[in-house]
Amino acid sequence: PEVSLHKGSWENVVKAVSRGKKLACESCGKNGATIGCTFGTDACLLSYHFRCAEDTGWDFERDGKAFLCDEHRRHASNWQKLRQTSTAHYIQKNPYNAVVCSLCGEGGDGEMSNCGDLLAFRRAGESIISHSNCLRYTNIVNTVAIDPLAGDDSDSDYEQGEDASDHGEDEQYQNVFEAYKSARVCSGCGRYGATIQCSENGCPRHFHFSCAEDTGWSFDIRRHRFTCDRHANVPAEMN
């Protein structure tokens, strides 16, 4: 916090480095943690490295320089919104939880799973981990491009039906916890966590992403229209 840029010159860098050598990071345990929790000035003694602080969901561009640790930020008004954290931070905070998707119940990450990367999110005191495709292919989760200069309430500049993934942008997910709470029993495998409902009027079927993909569902992610195998080939005029 003591480092600043004044008229093109960095100030107090050596002081910060010297101080950091004595401080262990609350997240990774290594020394060099120069970012301390600012709650109550000297009331909190927790310190972090920059990357470890961002792993907790803090974004210095968006949230400012006055960092707050996990314990003290949960009561801040702007922390009631959805934030994405690193999976490593989720595992650290939930050491007894299996590292599996909260929706499909499967593990695997990236190339190991057709469901995509495992992503971690938190909102106030809640946390969740889920595959990217298990979230994206739901009826209510949206993604928008992240604009760090516009703040949390920025709107996407994309046309209706587009999202950040269409343009290769970094993404901000919306309605993640709402999707989790709306999950049903999968009509395919019989397990809980299905968040894709067939868009055909009157069809009650819910599927996991992987179960839907395996059974030939039709996906139109731009319009959030997902059609089960029974209705995927029905002509549009009959829908």
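Sort out which residues of the range 24-55 are among the charged types (D, E, K, R) and either out of contact with any helix residue (DSSP H, G or I) (no Cβ under 6 Å at 6 or more places or on another chain) or surrounded by fewer than 20 Cβ atoms within 10 Å (Cβ to Cβ) (or both), and write them in order of number.
Here is the first cut: in the range 24-55, the ones among the charged types (D, E, K, R) are 26, 30, 42, 51, 54-55.
Matches in the range 24-55: E26, K30, D42, R51, E54.
Can you tell which of N114, N94 is surrounded by fewer than 16 Cβ atoms within 10 Å (Cβ to Cβ) and out of contact with any Gly (no Cβ under 9 Å at 6 or more places or on another chain)? Spell out how you get there, then give the answer.
On the way: N114 fails: out of contact with any Gly (no Cβ under 9 Å at 6 or more places or on another chain).
One residue alone meets the criteria, N94.
Are any of the residues in the range 207-215 open to solvent by 60 Å² or more (accessible area, probe 1.4 Å) and assigned to a loop (DSSP other than H, G, I, E, B)? Full working, then the answer.
Pass one, the range 207-215, residues open to solvent by 60 Å² or more (accessible area, probe 1.4 Å): 213-215.
Of the ones still in play, those that are also assigned to a loop (DSSP other than H, G, I, E, B) are 215.
Within the range 207-215 (the criterion being open to solvent by 60 Å² or more (accessible area, probe 1.4 Å) and assigned to a loop (DSSP other than H, G, I, E, B)), the answer is yes, since at least one residue qualifies.
Before we move on, is G108 surrounded by fewer than 20 Cβ atoms within 10 Å (Cβ to Cβ), under 19 Å from R225 (Cβ atoms), modelled with pLDDT under 85 and not hydroxyl-bearing (S, T, Y)?
Values: surrounded by fewer than 20 Cβ atoms within 10 Å (Cβ to Cβ): yes; under 19 Å from R225 (Cβ atoms): no; modelled with pLDDT under 85: yes; not hydroxyl-bearing (S, T, Y): yes.
No, not satisfied.
Identify all residues within the range 120-135 that are of a type outside the set (S, T, N, Q), more than 11 Å from L82 (Cβ to Cβ) and open to solvent by less than 30 Å² (accessible area, probe 1.4 Å); write none if there are none.
A120, I129, H131, C134, L135
The values are calculated or read from the model by the stated rules, or taken from the named source; none is laboratory data. Remember, it's a predicted structure, so these values are computed and weren't measured experimentally. Please note: Cβ atoms are built from the backbone with ideal geometry, for glycine as well, and neighbour counts cover all protein chains shown. Ligands, DNA and RNA are excluded from the accessible area calculation, which covers all protein heavy atoms including side chains. Shrake-Rupley method; radii C 1.70, N 1.55, O 1.52, S 1.80 Å.
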